[in-house]
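Participant: My questions will all concern the structure given below.
Derivation of every value follows stated rules applied to the coordinates shown; laboratory data play no part. Quick caveat, the model's predicted, so the values are computed rather than measured. In this analysis, Cβ positions are derived from the backbone assuming ideal geometry, glycine residues included, and neighbour counts consider all displayed protein chains.
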Amino acid sequence: MRTPIVAGNWKMNKSIAEARELVNAMRDELARMGAGGKTQVVLCPPFISIPEVAALLKGTPISVGAQNMFWETKGAFTGEIAAPMLNEVCEYVIIGHSERRQYFGETDEGVNKKIKTALAHHLKPIVCVGENLAQNETGQTQAFVGGQVRAAFKDIARDDARGIVIAYEPIWAIGTGKAASGAGANAVIGLTIRGALADLYDEATAQAVRVQYGGSVTPKNVAEFFAQPEIDGALVGGASLVAADFVAICKASVK
Ligand code: PEP
């Protein structure tokens, strides 16, 4: 039994005041559904709002996550944020989001380094993988996504691997309104992602890791994803900025 996990990736949206407003609009309902461990909800605001959001969520079962971090832990790295800074205020960190890979040159090697540093500082990584449209249309999904998983988990011990969350996010589905099909995402997660984990570790580890689907998830299409046996939740971008939509998506994750 894997506990569902739904994370809201706010990306570069919401001022501190707006973040406060959004959290206040959904906190009570999210806290109710998170009670008793039925589902895990994570909010990932921009860095600057993390302390405020964490303070508002204190005492609730809702967790806070960052959208990125650097692999070094301190020093002359202007503009970066380190794991020992984050773990004072949050529990999760998104690593290797496709927008970071696409616009900021993040590589598989960097993703692997970030995961190791996050784990060393007791942060729970949500590691993003996913193919682009051309790869999808030319039958390269399995090789590409499998390769991303292998690279991300390189030299990571089995016990640590079990605590990592993977988000399968086909790039062509992110922010486009064109979600994958539930069955299609289920197949990539079951065969490719859990398959790579089984090769790297063992079948029990492959079955223990939680894998989210991400890419244009809305209250309308979410049931199709959560009905799939391999999908353990969602990484939600656009719909996580609307309180009613995010609450509806989280509600759908409670089995
Ligand atoms: C994301 O940012 O990870 C994402 C899946 O975005 P959206 O839900 O807007 O497609």
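Participant: Give the lysines whose C-alpha is closer than 24 Å to that of Lys154, dropping any in the same chain fewer than 8 places away, or say none.
Facilitator: In chain and number order, the partners are Lys74, Lys113, Lys114, Lys116, Lys124.
Participant: Here's a follow-up. Ordered by packing density, taken as the mean number of other Cβ atoms within 10 Å over each peptide's residues, highest first, how do 79-91, 237-249 rank?
Facilitator: On the way: 79-91: 16.2, 237-249: 19.9.
Highest-to-lowest ranking by the protection proxy: 237-249, 79-91.
Participant: Where Rh is the Kirkwood radius over the Cα pairs of the range 115-255, the temperature 20 °C and the viscosity 1.002 mPa s, what D in µm²/s does Stokes-Einstein return?
Facilitator: Taking Rh from Cα pairs, D becomes 140 µm²/s.
Participant: Which log10 I(q)/I(0) values, to two decimals, does the range 97-185 give at q = 0.11, 0.22, 0.26 Å⁻¹ under the Debye formula with one point per Cα?
Facilitator: Each listed q corresponds, in turn, to -0.32, -1.13, -1.39.
Participant: May I pose another question? Can you pull the semi-axes for the chain, root of five times each eigenvalue of the Cα gyration tensor, sorted largest first, whole Å?
Facilitator: On the way: eigenvalues 124, 97, 61 Å².
Its equivalent ellipsoid spans semi-axes of 25, 22, 17 Å.
Participant: When the dipole is taken about the Cα centre of the range 19-104, and only Lys, Arg (+1) and Asp, Glu (-1) are charged at their Cβ, what size is it in debye, to the nearest 20? Walk me through the numbers before you get to the answer.
Facilitator: Numbers: 8 positive and 9 negative charges, 34 e Å.
Its charge dipole is roughly 160 debye.
Participant: For Lys178, go through the lysines and keep the ones whose alpha-carbon is under 27 Å away, minus same-chain ones fewer than eight residues off.
Facilitator: Cα-Cα hits under 27 Å: Lys11, Lys14, Lys220, Lys251, Lys255.
Participant: Would you report the distance distribution of C-alpha pairs in the range 1-119 as whole percents per 5 angstrom bin, up to the bin with the largest distance?
Facilitator: Spelled out per bin, shortest first, that is 2, 11, 20, 22, 20, 13, 8, 3, 0.
Participant: Say the dipole of the chain comes from +1 at the beta carbon of Lys and Arg and -1 at that of Asp and Glu; which of Val127, Pro219, Ala204 then lies farthest toward its positive end?
Facilitator: The residue sitting farthest along the positive end of the dipole is Pro219.
Participant: Would you mind ranking Ile164, Ile156, Ile126 by Cβ crowding within 10 Å, fewest neighbours first?
Facilitator: Working: Ile164 21, Ile156 18, Ile126 29.
Taking fewest neighbouring Cβ atoms as first place, the list is Ile156, Ile164, Ile126.
Participant: With charges set only on the Cβ (+1 for Lys and Arg, -1 for Asp and Glu), what does the dipole of the chain come to about its Cα centre, in debye to the nearest 20?
Facilitator: Values: 25 positive and 26 negative charges, 83 e Å.
Its charge dipole is roughly 400 debye.
Participant: On to the next question. Net charge near Pro46, counting Lys/Arg +1 and Asp/Glu -1 over other residues with Cβ under 12 Å of its Cβ?
Facilitator: 0
Participant: Using the Kirkwood radius over Cα pairs, work out the Stokes-Einstein diffusion coefficient for the range 59-144 at 37 °C and 0.692 mPa s, in µm²/s as a whole number.
Facilitator: So the translational diffusion coefficient is about 235 µm²/s.
Participant: For a footprinting-style exposure proxy, rank Met33, Met69, Met1 by other Cβ within 10 Å, fewest first.
Facilitator: Starting with the residue having the fewest Cβ neighbours, the order is Met1, Met33, Met69.
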